[in-house]
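Working notes, beginning with the structure itself.
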Amino acid sequence: EFTKVAADPSIVNLGQGLPDISPPSYVKEELAKAAAVDRLNQYTRGFGHPSLVKALSQVYERVCGRKLDPLTDILVTVGAYGSLFSTIQALIEEGDEVIIIEPFYDCYEPMVKMAGAKPVFIPLRYKNGGNSASSADWVLDPAELATKFNSKTKAIILNTPHNPIGKVFTREELQVIADLCIKHDTLCISDEVYEWLVYKGNKHIKIATLPGMWERTITIGSAGKTYSVTGWKLGWSIGPQNLIKHLQVVHQNTLYTCPTPLQEALAQAFWIDYKRMDDPDCYFYSLSRELEIKRDRMAQLLQEVGLKPVVPDGGYFMIVDVSTLNVDLSDVDEKQPYDYKFVKWMITSKKLSAIPLSAFCGPATKRQFEKYIRFCFIKKDSTLDAAEVILKNWNKQTA
Amino acid sequence: VEFVKLAATYSTVNLGQGFPDFPPPDFLKEAFVRALSGENHMLHQYTRAFGHPPLVKILAQYFGKLLGRDLDPMTNVMVTVGAYQALFCCFQALVDEGDEVIIIEPFFDCYEPMVKMAGGMPVFVPLRPKAPKDGKLMSSADWQLDPAELASKFSERTKAIVLNSPNNPLGKVFSRGELELIADLCVKHDVLCISDEVYEWLVYDGKEHIRIASLRGMWDRTVIIGSAGKTFSATGWKVGWTVGPNRLLQHLRTVHQNSVYHCATVAQEAVAQGFQRELELYGKPESYFVQLPKMLQQKRDWLVQSLDAVGMKPIVPEGTYFLVADISEFKSDVPDVPDSDEPYDSRFAKWMVKNKGLAAIPLSAFYCGAHKNNYNHFIRFCFAKEEATLKAANDILQKWKLEKTSP
């Protein structure tokens, strides 16, 4: 629904999560090179183009400190979305329960249901205190989390860095989850698409690297988020062979192979950055530095309007509590959550779009999150400039 | 999957897996490069989930023209990750637990597992070979459905029939009469038709590819599946599409939205430009859709000749880039093992790739488990290969024949 609205060019679109910045030029060049090779326009290996799975295994061996077999421990999919689908179809069965942390990326719930399982929700809760809210203030209650695990629990879906809040789960927080997974023999589906986008003072930790977790975790990554090429729709699942083989079966019976030239180009891009993983110019680090500046600018603009942004430790989204603006929308359709009404009003009257946070919640928590909206800040300077004009003029019009 | 691995290890000439070893046409490669390097870098970001607007628009225009029907790009067309994912969406969307789905044998091997994955029950009906006229080579047209047998497969549980024309592996191009037979039964029993037409442009000898959706009573119950990979010799791009009535496509959209959501943008943009060019050159000699079948027909004839000369009996395909040959004359090389679980042609194909370096696929791979031994002395060759490859295949065959006939 909100994607359609955003197609209007007169609206400053900070809603949908896609960059309007260009991918790095070497990434585009590698694609051009790949397309020029005849055989790279034909089918490649179903579970992942050999040079790509090799490159992924090297990068992630370094990150995880563990040897990876590119042919058995990795599956390349159509975006991280495809990895989520293959993982859930492969490992979740009818009657299983799957724990989902709210707010959540909206596809988790329908995918779990499609597998015949029951989603069990647990919300991140805002710790009181502190003037400028940070994503770190949003935490799981360990006791509450423990109550969600039972003998039917097949998996928990973890998303770190988190969309929409931008939370980067700490080692301690991951340990709480890991302990429960081990205790109840539960799988962990770890959506880490924003893994490189962590800001100063934070570190992205892979839950699969905690003791006892490798054998029960599928870690999902995304080329779209790593290289600012969401339109390439390439993602991957990494995990132990005995789990990945089931994902491969699903993949083999749903789309068989992913596009070849894109995979080859991605492989080459990974080699370029793998070689400079000790260098600050590596895109994995330079992109997050670029985004940190945008994050800080976005936060400041929102604060100047009198809003309370939740400054994210990672990812490229920022949520904001808009209730302080006291925009009265009580005459609008009652049944819709406040944030939906707010966003629609903001699009029409301010020509600025965002996504309402209740879109990321289960039915029970919609009330809790309906005063928040989500902005995406992986936008070029001119887009942020346009947003700045709107925000600076905001109070003048509503006075 | 198994045969792909064997070919990779042993083969010097791979006529097994179905993809061209020649490149896509220049105009398409150029479109791809223009898309990825152009000023509009947003082509590297998400596009519309159900299909990149320029692509669905041109597909609606092009297929609207072919079907003589006004198509809405937003509701009558959906883009998928290859025809493979289109098939997946069809089965998931339209087949419910307990439904029966009729599959014509021999069939593209994914139909069976996909029907099962959707909780459906595959019901098989074979194409049966009729002996060709004296002295003539068998044609794929000689493999036919028995009308009474086909009718007997329709029951009240039948949800859909999968039609693949032109047919992989035989190369059969269903005639109007044959399609009418199927259509009548679909209408009579209110059954859907999943029509896999990926090889729609690869028809030879002036034959016409007829779209079953254009027959009376069929548009409303048919989903047509197409493939850029086969249409433009770019199988590695994995761009496919479905065309059909909104009442069916809306369900495909739901499945698509919850499994892959978006397809890669750049490839869609390039395919859209490819179709634009083809629309402008429709029916003209420079059209790729005219040139490609012409080029492939020559290769077909070449391979037919090669095989015939050495005693493998080719079934001349009316379409696709596949050819099935009867290997009965070569049985002396690979003796029968009566108690073997493995179908004869499968053992033969394995022996051939290991000992002769020539890869092909056994026909039994295209039959369900229970019927694998019904037609077990045929192997499938792919002839979408460069001249040098076909010549190398000929050399292997000639050498093989010489070895058989010399003392």
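The values are calculated or read from the model by the stated rules, or taken from the named source; none is laboratory data. It should be emphasised that the depicted structure is a prediction, and the values quoted were computed from it without experimental measurement. Neighbour counts are summed over all protein chains in view; Cβ atoms, including those assigned to glycine, are modelled from backbone coordinates with ideal geometry.
Out of the stretch A:200-226, which residues are among the polar types (S, T, N, Q), under 21 Å from A:A269 (Cβ atoms) and in a helix (DSSP H, G or I)?
Listed by number, the list holds a single entry, A:T226.
Among the residues of the stretch B:306-341, which ones are of a type in the set (S, T, Y) and either crowded, with 17+ Cβ neighbours inside 10 Å or at pLDDT 95 or above (or both)?
B:S306, B:T320, B:Y321, listed by residue number.
I'd like the residue in the stretch B:265-284 that is free of Cβ contacts under 8 Å to residues at least 40 places away in the same chain and not acidic (D, E) and, out of all such residues, is nearest to the other protein chains (Cβ to nearest Cβ).
Among those that are free of Cβ contacts under 8 Å to residues at least 40 places away in the same chain and not acidic (D, E), it is B:L281.
Identify, please: which residue in the stretch A:39-74 is within 27 Å of B:Q45 (Cβ to Cβ), within 14 Å of chain B (Cβ to nearest Cβ) and hydrophobic (A, V, I, L, M, F, W, C) and is, among those, surrounded by the most Cβ atoms within 10 Å (Cβ to Cβ)?
Filtering the stretch A:39-74 for residues that are within 27 Å of B:Q45 (Cβ to Cβ), within 14 Å of chain B (Cβ to nearest Cβ) and hydrophobic (A, V, I, L, M, F, W, C), the one surrounded by the most Cβ atoms within 10 Å (Cβ to Cβ) comes out as A:L52.
Residue check, A:L302 against (1) in a helix (DSSP H, G or I); (2) surrounded by fewer than 20 Cβ atoms within 10 Å (Cβ to Cβ); (3) in contact (Cβ under 8 Å) with a residue 60 or more places away in the chain, all met but one. Which one?
Failing condition for A:L302: (2).
Among the residues that make up the stretch A:255-264, is at least one of them buried (at least 21 other Cβ atoms within 10 Å of the Cβ), of a type in the set (S, T, Y) and either within 30 Å of B:V4 (Cα to Cα) or within 14 Å of chain B (Cβ to nearest Cβ) (or both)?
Scanning the stretch A:255-264, I find at least one residue that is buried (at least 21 other Cβ atoms within 10 Å of the Cβ), of a type in the set (S, T, Y) and either within 30 Å of B:V4 (Cα to Cα) or within 14 Å of chain B (Cβ to nearest Cβ) (or both), so the answer is yes.
What pairs come up if the first residue lies in the stretch B:241-264 and is more than 11 Å from every other protein chain (Cβ to nearest Cβ), the second is in a loop (DSSP other than H, G, I, E, B), and their beta carbons are under 6 Å apart, counting only those six or more places apart or on different chains?
Correct list of pairs: B:N246/B:T75; B:R253/B:F50.
Enumerate the pairs (first residue in the stretch B:357-383 and assigned by the TED database to the domain that holds B:A393 and small (G, A, S); second residue anywhere and in a strand (DSSP E or B) and surrounded by fewer than 20 Cβ atoms within 10 Å (Cβ to Cβ)) with beta-carbon separation below 9 Å, excluding pairs fewer than 6 apart on the same chain, so at least 6 apart or on different chains.
What qualifies is B:A370/B:F124.
Which one of the conditions (1) modelled with pLDDT of 95 or more; (2) within 14 Å of chain B (Cβ to nearest Cβ) does A:Y194 fail to meet, given that it meets all the rest?
Here A:Y194 meets the rest and fails (2).
Here is a yes/no grid of residues against (1) surrounded by 22 or more Cβ atoms within 10 Å (Cβ to Cβ); (2) in the same structural domain as A:V310 (by the TED database); (3) not basic (K, R):
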{"position": "A:P103", "(1), (2), (3)": "yes, no, yes"}
{"position": "A:G116", "(1), (2), (3)": "no, no, yes"}
{"position": "A:A143", "(1), (2), (3)": "no, no, yes"}
{"position": "A:K152", "(1), (2), (3)": "no, no, no"}
{"position": "A:P164", "(1), (2), (3)": "yes, no, yes"}
{"position": "A:F169", "(1), (2), (3)": "yes, no, yes"}
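Name every residue in the stretch B:208-228 that is outside any strand (DSSP E or B) and within 17 Å of the chain's Cα centre (by Cα), in order of residue number.
B:E208, B:H209, B:I210, B:R211, B:I212, B:A228
Is at least one residue of the stretch A:139-152 touching a strand residue (DSSP E or B) at 6+ places or on another chain (Cβ under 6 Å) and closer than 23 Å to A:D339 by Cβ?
No, there is no match, as no residue in the stretch A:139-152 is touching a strand residue (DSSP E or B) at 6+ places or on another chain (Cβ under 6 Å) and closer than 23 Å to A:D339 by Cβ.
Checking the structure you have, find out if any residue of the stretch B:285-305 is buried (at least 22 other Cβ atoms within 10 Å of the Cβ), within 14 Å of another protein chain (Cβ to nearest Cβ) and among the hydrophobic types (A, V, I, L, M, F, W, C).
Among the residues of the stretch B:285-305, not one is buried (at least 22 other Cβ atoms within 10 Å of the Cβ), within 14 Å of another protein chain (Cβ to nearest Cβ) and among the hydrophobic types (A, V, I, L, M, F, W, C), which makes the answer no.
hydroxyl-bearing (S, T, Y) and assigned to a loop (DSSP other than H, G, I, E, B) - does that describe any residue in the stretch B:26-37?
no
Scan the stretch A:376-399 and tell me whether some residue there is surrounded by 17 or more Cβ atoms within 10 Å (Cβ to Cβ), in contact (Cβ under 8 Å) with a residue 24 or more places away in the chain and in a strand (DSSP E or B).
Yes, that holds for at least one residue.
Taking A:T260 as meeting all but one of (1) touching a Lys or Arg at 6+ places or on another chain (Cβ under 7 Å); (2) under 19 Å from A:K33 (Cα atoms), write down the number of the exception.
Result: A:T260 passes all but (1).
Scan the stretch A:32-80 for residues that are over 19 Å from A:I220 (Cα atoms), touching a Ser or Thr at 6+ places or on another chain (Cβ under 9 Å) and part of a helix (DSSP H, G or I) and report the count.
The qualifying residues number 5.
Return the residues of the stretch A:264-295 that are of a type in the set (F, W, Y), under 14 Å from A:K54 (Cα atoms) and within 21 Å of the chain's Cα centre (by Cα); say none if nothing qualifies.
A:F270
Among (1) under 30 Å from B:E30 (Cα atoms); (2) touching a Cys at 6+ places or on another chain (Cβ under 9 Å); (3) within 14 Å of chain B (Cβ to nearest Cβ), there is one condition A:Y316 misses while meeting the rest; what is its number?
(1)
Could you please give the count of residues in the stretch B:1-54 that are facing another protein chain (nearest Cβ under 10 Å) and aromatic (F, W, Y)?
4
Being among the acidic types (D, E), over 30 Å from A:T170 (Cα atoms) and not assigned by the TED database to the domain that holds A:F104: is that true of A:D321 here?
no
Looking at A:Y256 and the list (1) modelled with pLDDT under 95; (2) assigned by the TED database to the domain that holds A:P309, which single condition is not satisfied?
For A:Y256, the exception is condition (2).
Could you pull out the residue among A:I177, A:I220, A:I205, A:I244 that is in contact with a Leu (Cβ under 7 Å, 6 or more places away or on another chain) and under 23 Å from B:A49 (Cα atoms)?
On inspection, the qualifying residue turns out to be A:I220.
If a residue must be more than 25 Å from A:V78 (Cβ to Cβ) and outside any helix (DSSP H, G or I), how many such residues does the stretch B:53-95 contain?
Count: 5.
Answer with yes or no whether B:V198 is of a type outside the set (F, W, Y), under 21 Å from B:K65 (Cα atoms) and touching a Ser or Thr at 6+ places or on another chain (Cβ under 8 Å).
Yes.
Hey, could you check the stretch A:80-132 for residues that are closer than 26 Å to B:A118 by Cβ and basic (K, R) and say which is nearest to the other protein chains (Cβ to nearest Cβ)?
Once the filter is applied, the top-ranked residue is A:K113.
Within the group A:P356, A:P309, which residue is closer than 25 Å to A:N159 by Cβ and in contact with an Asp or Glu (Cβ under 6 Å, 6 or more places away or on another chain)?
A:P356
With B:L402, B:L390 as the choices, which residue is at pLDDT 95 or above, over 23 Å from B:P126 (Cβ atoms) and over 19 Å from the mean Cα position of the chain (by Cα)?
Of the residues listed, the single one that is at pLDDT 95 or above, over 23 Å from B:P126 (Cβ atoms) and over 19 Å from the mean Cα position of the chain (by Cα) is B:L390.
Return the only residue of B:G51, B:G64 being farther than 26 Å from B:A392 by Cβ, assigned by the TED database to the domain that holds B:E269, touching a Cys at 6+ places or on another chain (Cβ under 9 Å) and not aromatic (F, W, Y).
Sole residue among the options that is farther than 26 Å from B:A392 by Cβ, assigned by the TED database to the domain that holds B:E269, touching a Cys at 6+ places or on another chain (Cβ under 9 Å) and not aromatic (F, W, Y): B:G51.
Among the residues in the stretch A:23-45, are any aromatic (F, W, Y), under 28 Å from A:I157 (Cβ atoms) and in the same structural domain as A:I238 (by the TED database)?
no
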